[in-house]
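Data block below; observations after.
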Amino acid sequence: MSEYRDVQSAVRTEKFRIWLAWLAGGIGGAIICNALRDIEYVNSATQILWAILGILATITAVRMTNALNRRANAARREVLGDDM
């Protein structure tokens, strides 16, 4: 059972790191957009780029989280002997 607990702990830690990186990137992008708000065309381009990268980062984070969930589910099945 400790093997499953180790996997769960590792998965929880990795999920936290994924979403913390996502949050840090979002805050960093917001700071950059705010710093460039007085430059007319650069501001628009920066906001568009930030929105596109934010969407891509969100999709990537969700896919990584789903992959970790599948790994944890497989480990649970292996430890508990469930054959769904």
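Read-outs throughout are calculated quantities, based only on the coordinates presented, and are distinct from any laboratory measurement. Keep in mind that this is a model prediction, so the values were computed, not measured. Note that each Cβ is placed from the backbone with ideal geometry, even for glycine, and that neighbours are counted across all protein chains shown.
Test Leu53 against the stated conditions and say whether it is exposed (fewer than 13 other Cβ atoms within 10 Å of the Cβ), farther than 20 Å from Ser9 by Cβ and within 14 Å of the chain's Cα centre (by Cα).
Working: exposed (fewer than 13 other Cβ atoms within 10 Å of the Cβ): no; farther than 20 Å from Ser9 by Cβ: yes; within 14 Å of the chain's Cα centre (by Cα): yes.
The answer is no for Leu53.
Each row is one residue, and each column tells you yes or no for (1) under 30 Å from Arg77 (Cα atoms); (2) surrounded by 12 or more Cβ atoms within 10 Å (Cβ to Cβ).
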position: Ala10; (1), (2): yes, yes
position: Arg17; (1), (2): yes, no
position: Ile27; (1), (2): no, no
position: Ile31; (1), (2): no, no
position: Ala35; (1), (2): no, no
position: Leu49; (1), (2): no, yes
